[in-house]
Amino acid sequence: MKRCRAFQLETGQLVENVRSVCRGKGKILVGTKDGEIIEVGEKNAASNTMINGYTQGGIWGLATHPFKDVFISASDDGTIRIWDLADKKLLNKVSLGHPAKCTSYSPNGEMVSIGMENGEFIILMVNSLTVWGKKRDRSVAIQDIRFSPDNRFLAVGSVESAVDFYDLSLGPSLNRIGYCKDIPGFVIQIDFSADSKHIQVSTSTYTRQV
C-alpha cells in the first residue's frame, strides 16, 4: 500500500476524528466524529461542510441573539455553537470542557452566558468568544440562566432549588450578591420583570413563583 495523495480538511473549524470516507465522481465525502459531513473536491482539494452536528448527548440550551439572525445552542458534548439562521450554517463553536445545560444572550447582545452540568457558569464576550468571567457557587447542574433587561444582573437557577444573583457592574469576579433558596422543586425557567426588579420561576413541581 502506498499513499497517493493527502487532503487537508480546511473548513475554518476544528475537525474531529474522521470516521468514514466515500469516494465517487471526483468528490470525496468525509464523515467525522463531530457529526459533520464534508465534501472534498479531488482536483482542487476544496472542502465544503454540508452538515454540522454534535458528537453526543442532547441539546439543552438554545437562545436567539436580541437583534441579529443568529442563535446559540449548548450541548452535553461540552460545546456551544453559534448558527446563522439565514444561511443555515455553523458560524463558530467553543469547547467548554463540561456538558452545557443552558445559555442566554444579554439584551444588548454583547455577552452570552452558559450554565454547566457541574454547577459552573461562564460568561463570554460575543464578538471575541473570550471568557469575561466564570464562577461556581453550586455543585449541581445549572438549569437556567438569565440576564436582566437592564444588562446589570445575572440570575442563575440550579437543581439545588435555588436562584443566585450576580451584579455584572461589579466586574468579572462575579461575587454573589444574593440568592433565593428552598424553592419547591428544581428551577426550570427564570424570567425577569421589565424593570429588572422581580423574577418569576417555573419549577419541576409545575408551579410558578414570583
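The values are calculated or read from the model by the stated rules, or taken from the named source; none is laboratory data. Please read these numbers as outputs of a predicted model, since none were measured by experiment. Please note: Cβ atoms are built from the backbone with ideal geometry, for glycine as well, and neighbour counts cover all protein chains shown.
Scanning the stretch 131-150 for residues that are among the β-branched types (Val, Ile, Thr) and buried (at least 21 other Cβ atoms within 10 Å of the Cβ), we see that the one that is farthest from residue 196 (Cα to Cα) is 142.
Selection within the stretch 64-81: residues that are surrounded by fewer than 18 Cβ atoms within 10 Å (Cβ to Cβ) and either closer than 17 Å to residue 35 by Cβ or acidic (Asp, Glu) (or both). The member of this set that is nearest to the chain's Cα centre (by Cα) is 76.
The lone criterion from (1) part of a strand (DSSP E or B); (2) small (Gly, Ala, Ser); (3) surrounded by 14 or more Cβ atoms within 10 Å (Cβ to Cβ) left unmet by residue 20 is number (3).
Which one is surrounded by the fewest Cβ atoms within 10 Å (Cβ to Cβ) among residues in the stretch 151-210 that are part of a loop (DSSP other than H, G, I, E, B) and aromatic (Phe, Trp, Tyr)?
206
Quick check on residue 61: is it under 14 Å from the mean Cα position of the chain (by Cα) and either surrounded by 13 or more Cβ atoms within 10 Å (Cβ to Cβ) or polar (S, T, N, Q) (or both)? For residue 61, the condition - under 14 Å from the mean Cα position of the chain (by Cα) and either surrounded by 13 or more Cβ atoms within 10 Å (Cβ to Cβ) or polar (S, T, N, Q) (or both) - is met.
Hey, among the residues in the stretch 96-119 that are at pLDDT 90 or above and small (Gly, Ala, Ser), which one's nearest to residue 36 (Cα to Cα)? My answer is 100.
Exactly one residue out of 134, 68, 89 is charged (D, E, K, R), more than 21 Å from residue 51 (Cα to Cα) and touching a strand residue (DSSP E or B) at 6+ places or on another chain (Cβ under 8 Å), and it is 134.
Yes or no, residue by residue, for (1) assigned to a strand (DSSP E or B); (2) surrounded by 15 or more Cβ atoms within 10 Å (Cβ to Cβ); (3) not assigned by TED's automatic domain parsing to the domain that holds residue 142:
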site	(1), (2), (3)
3	no, no, yes
28	yes, yes, yes
35	no, yes, yes
48	yes, no, yes
86	no, no, no
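Taking the listed residues 145, 114, the one that is in a strand (DSSP E or B), closer than 16 Å to residue 97 by Cβ and β-branched (Val, Ile, Thr) is 114, with no other qualifying.
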